[in-house]
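Read the structure below first, then the notes.
The values are calculated or read from the model by the stated rules, or taken from the named source; none is laboratory data. What you are looking at is a predicted structure, and each value in this text was computed from that prediction instead of being measured. Positions of Cβ are backbone-derived with ideal geometry, glycine not excepted, and every protein chain shown enters the neighbour counts. With ligands, DNA and RNA removed, areas are computed over all heavy atoms of the protein, side chains included. Shrake-Rupley method; radii C 1.70, N 1.55, O 1.52, S 1.80 Å.
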Amino acid sequence: MSERTLLRGGTVITAVRPGEVLTDTDILIGADGTIEAIGQGLDAAGAEVIDVRGRIVHPGFVDTHRHTWQSVVRNLASDWSLTEYLVGLHSGLSKHFRPEDTYTGNYLGALEALDSGITTVVDWSHNNNTPEHADAALQAVVDSGIRCVWGYGNSNDEWLPVSEIPQSTDIKRIAQQWFSSPNDLVSLALAPRGPQFATKDVTLQDFALARDLDIPVTVHVGDGAWGKSSPVLWMQEHGL
């Protein structure tokens, strides 16, 4: 951003205090993208003024779990069970994805999120069949401009439950190559299969990998037939 921006006269939901709604209110955004002031009749000197009267202005929504690469096939599985999804997608369609297909899915999904008022996503990216697939997925969310916690998941052949294949250590390259600054819009997390879809020993190894990289973990637990094995309790017992 090269100059300040003033949003003039909107109905502002601040989310600072529950239920706070400010009518006919301005928001002054600094050249660095941060909010400098919220109030009525703010000085617009040197700022680009955008008239938002009659509109609601509020913080962007946060989508805490999205398989963004699947945006291009999302209409296929609305009536699938979890088992049918694992077979139809992870043993079927996903192995045909090229890196450029992954890019398209992620870019489209991120833009759709932004268009819906979602400004932050946790992208649970679990079709990283090659380093090129992972790079394409990351490049897409970077190009979209969305704020993203990008969860590095497994390749297609690592998803057959219950897997004995450890998480790929390519995440170490990704961490070094893509995440040099903590101030970037995109940050890194590990998206392992967890104790439902991988063996307990592999799960312990995967979580140790995240600890070594000092990144958060996002994982599926408690869903489907595999969720009946008390995975959350097991995780608690093992300090996960």
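Just checking my list [x] 12.0; [y] 15.4; [z] 18.3 against mean projected area of the Cα convex hull in nm² computed from this structure; which label fits?
[y]
Starting from the Cα of ASP79, step 7 Å along the direction of its Cβ; do the same at ASP115; then give the gap between the two resulting points in nm.
Inter-label distance under the simple model: 2.7 nm.
Using DSSP, restrict attention to beta bridges with both residues in the chain and report what percent are antiparallel, rounded to the nearest 5.
Roughly 30 percent of the beta bridges in the chain run antiparallel, per DSSP.
At R0 = 51 Å, how high is the FRET efficiency between THR169 and THR23 if r is their beta carbon distance? Nearest 0.05 is fine.
Approximately 0.40, to the nearest 0.05.
For the stretch 140-204, with every protein chain kept in place, what is the accessible area per residue (1.4 Å probe, Å²)?
43 Å²
Hey, what's the stretch 26-116 come to in accessible area per residue, 1.4 Å probe, Å²?
Heavy-atom accessible area per residue stands at 60 Å².
What order, most packed first, do the peptides 167-175, 228-236, 120-128 have when packing is the mean number of other Cβ atoms within 10 Å of each residue?
120-128, 167-175, 228-236
Using alpha carbon centroids, what distance separates the stretch 187-240 and the stretch 1-58, in Å?
Here the two parts' Cα centres lie 42 Å apart.
How many percent of the accessible area of the stretch 81-171 is carbon or sulfur, using a 1.4 Å probe?
Whole-percent figure for carbon plus sulfur exposure: 57.
Only helical DSSP H runs with n ≥ 4 go in: add -39500 (n - 2.57) per run for the chain, normalise by residue count and round the 222 nm mean residue ellipticity to 500 deg cm²/dmol.
-8500 deg cm²/dmol
For HIS65 and LEU204, what does the FRET efficiency come to when R0 = 35 Å and r is the distance between their Cβ atoms, rounded to the nearest 0.05?
0.90
At R0 = 30 Å, how high is the FRET efficiency between VAL72 and GLU36 if r is their beta carbon distance? Nearest 0.05 is fine.
0.15
Leaving ligands, DNA and RNA out of it, rank TYR103, TYR85 by accessible area with a 1.4 Å probe, largest first.
Largest accessible area first, the residues go TYR103, TYR85.
Starting from the residue with the highest accessible area, list GLU112, GLU132 in decreasing order, probe 1.4 Å.
Ranked from most to least accessible, the order is GLU132, GLU112.
So for the stretch 106-188, Kirkwood radius off the Cα pairs, Stokes-Einstein at 25 °C and 0.890 mPa s: how many µm² s⁻¹?
Stokes-Einstein gives a translational diffusion coefficient of 184 µm²/s.
Just the accessible area for ILE165, please: 1.4 Å probe, Å², rounded to the nearest 10?
Ignoring ligands and nucleic acids, ILE165 comes out at about 70 Å².
So between HIS238 and GLU3, what do we pick up on full extension, going 0.36 nm a residue minus the alpha carbon distance?
So the extension gain works out to 79.5 nm.
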